[in-house]
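Peer 1: First the structure, then my questions, so here it is.
What follows is calculated from the coordinates using simple rules that are stated; it is not laboratory data. This structure is a prediction, so every number in the text was calculated from the model and none was measured. No Cβ is skipped: glycine too gets one built from the backbone with ideal geometry, and neighbour counts run over all protein chains shown.
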Amino acid sequence: MDRITLKGMRMFGFHGVYPCERELGRHFEIDAELFLPLEEAGNTDDLLQTVNYAEVFEFIKSEFNKETYSLIETAAVRLARAVISRFPVTRVIIRVRKQNPPLSGYMDYAEVQVERSRQ
């Protein structure tokens, strides 16, 4: 299956279990893999035959900050559901990364990946 990938979308959000995360906010990264047939778009060079990834980016940004979540798992699941509902894709993979999570040591990020398919 053909795929469009949006990699490393950077968002600032107030998600997390700890009060400091919800008060100060932090940086997150989101990836989205959108599965859909791209043959017609490739043949016609017509944006209407594909998914406009600028629209997907704006949609994900809006959805990500619509609510505050304790878990990045919740953010990933809700984003996947929203994307599959809004865009003509057959399957979506969403990855949400929390940069520098508040731990007693150093870690680049914690990441959650979810995959949803159209029923």
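Peer 1: By how many degrees, 0 to 90 and rounded to 10, does the Cα axis of helix 53-64 deviate from the longest principal axis of the chain?
Peer 2: 30 degrees
Peer 1: Quick check: pseudo-label points 7 Å beyond the Cα along Cα→Cβ at ARG22 and ASP46, how many nm apart are they?
Peer 2: 4.9 nm
Peer 1: By per-residue mean of other Cβ atoms within 10 Å, what is the highest-first order of 92-102, 5-15?
Peer 2: Ranked from most to least packed, the peptides come out as 92-102, 5-15.
Peer 1: Let me ask something else. Grab the DSSP H runs of the chain that are 4 residues or longer, score each as -39,500 (n - 2.57), total them, divide by all residues and round the 222 nm result to the nearest 500 deg cm²/dmol.
Peer 2: Values: 4 runs with 39 residues, N = 119.
For the chain, the value works out to -9500 deg cm²/dmol.
Peer 1: Taking N as the number of residues in the chain, what is its Cα Rg relative to 2.2 N^0.38 Å?
Peer 2: Cα-based Rg divided by the globular estimate yields 1.15.
Peer 1: Compare the Cα positions of ALA82, LEU48, GLN99 along the charge dipole of region 30-103 (+1 at Cβ of Lys, Arg; -1 at Cβ of Asp, Glu; about the Cα centre) and return the one farthest towards the positive end.
Peer 2: The listed residue farthest towards the positive side: GLN99.
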